[in-house]
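One structure below.
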Amino acid sequence: MLLPGVVLVLIFCYGPMAGIVIAFQKFIPAKGIFHSDWVGLKNFDYILHLPDIFQVLLNTVYIALMKIVAGQLVPILIALLLNELRKERFKRGIQTLIYLPHFMSWVILSGILIDVLSPKSGLVNVTLQHLGIDPIFFLGDNRWFPYVLVVSEVWKEFGFNTIVYLAALTSIDPTQYEAAIMDGANRWRQTWHVTLPGMRPIIVLLATLSLGNVLNAGFEQVFNLYSPVVYQSGDIIDTFVYRIGLINAQFGPATAIGLFKSVVSFVFISTAYFLAYRLTNYRIF
């Protein structure tokens, strides 16, 4: 029963890894991998001397870290608020609404965001004008664009983690709340001394595992929202590789950047799993 899945993984995940050799070649598609000239580390030297490479790395790490932090804090807060609701039907309705964007692609959501954030007719800027505030070009201003990426990413994905944290809340022993009430603890004290400690294992687990995404700032999201105007603050490794490799046909340097990202991500993922094992006894087998 496992054989079809193993075959698919070998073909689509491990087979393409042979293309890593392009990072060390002056790759010409007509010659192929086996006949292109070998250049060693020249592609890596080339990308390190590109004028924008360090800004791209900074943008990637900055945006990814903001997404990781916000993606942890918002679901915890929403889960705590939903946990206080007593009407089950209302609670489930809210869970469904916040979970819905998770199933929508960035192609659809980007179109919605472009309309909503339009500086002339967008709902947000129209509201700002009624409040006496000048319109803001959210998708064309380097000061605002990274935060638009973070907020929209959290809006799309926080519903999933919220459900995970709500599941963690159900595992807390109710007698702990009864003991806290007997000791005179109010709702805030119960949350601080019972609820949050009960959620701590899953919080630590998700936080450590998210470290593996420190260089994944979201290609599909950025690609559908950015423009040359905001390259300075919104260009990330994945979009940079796309432009160099597919638009400019510089396959060797593009593969070198991708290989560099993969190695760094592997280190972070390995560190994350080690921390998850040490802190929460999490194992992948």
Does region 186-193 include one or more residues that are of a type in the set (D, E, K, R), touching a residue at least 60 places away in the same chain (Cβ under 8 Å) and within 18 Å of Ile78 (Cβ to Cβ)?
-> yes
Residue count for region 1-54, restricted to those that are within 28 Å of the chain's Cα centre (by Cα), aliphatic (A, V, I, L, M) and within 12 Å of Pro253 (Cβ to Cβ) = 6
Restricting attention to region 202-258, which residues are more than 27 Å from Thr271 (Cα to Cα) and polar (S, T, N, Q)?
-> Asn224, Ser227, Gln232, Ser233, Asn248, Gln250
The one condition in (1) over 30 Å from Gln221 (Cα atoms); (2) surrounded by 19 or more Cβ atoms within 10 Å (Cβ to Cβ) that His193 fails to fulfil = (2)
Can you name the residue in region 243-269 that is closer than 18 Å to Val61 by Cβ and of a type outside the set (A, V, I, L, M) and, of all such residues, is surrounded by the fewest Cβ atoms within 10 Å (Cβ to Cβ)?
-> Phe266
Return a yes/no flag: does region 59-66 have any residue that is of a type outside the set (A, V, I, L, M), surrounded by fewer than 18 Cβ atoms within 10 Å (Cβ to Cβ), over 30 Å from Leu169 (Cα atoms) and touching a residue at least 60 places away in the same chain (Cβ under 8 Å).
-> yes
For region 86-136, which helices (runs of 4 or more DSSP H) that fit wholly inside it have 3 or more residues that are in contact (Cβ under 8 Å) with a residue 60 or more places away in the chain and at negative phi?
-> 88-99, 106-116
Inspect region 143-156 for any residue being farther than 29 Å from Leu97 by Cβ and in a helix (DSSP H, G or I) and give the result as yes or no.
-> no
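Looking for something part of a loop (DSSP other than H, G, I, E, B) and either over 18 Å from Asp45 (Cα atoms) or not aromatic (Phe, Trp, Tyr) (or both) - is there at least one such residue anywhere in region 250-257?
Yes, region 250-257 contains a residue that is part of a loop (DSSP other than H, G, I, E, B) and either over 18 Å from Asp45 (Cα atoms) or not aromatic (Phe, Trp, Tyr) (or both).
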Determine if region 227-239 includes at least one residue that is farther than 21 Å from Ala23 by Cβ, out of contact with any Pro (no Cβ under 8 Å at 6 or more places or on another chain) and surrounded by 18 or more Cβ atoms within 10 Å (Cβ to Cβ).
-> yes
Residue, farthest from Asn161 (Cα to Cα), within region 103-124, restricted to residues that are within 19 Å of the chain's Cα centre (by Cα), loosely packed, with under 14 Cβ neighbours inside 10 Å and not β-branched (Val, Ile, Thr) | Ser105
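Quick note: the coordinates plus some simple rules give every number you see, no bench work behind them. Note that this is a predicted model, so its numbers are computed, not measured. All Cβ positions, glycine included, derive from the backbone under ideal geometry; neighbour counts span all protein chains shown.
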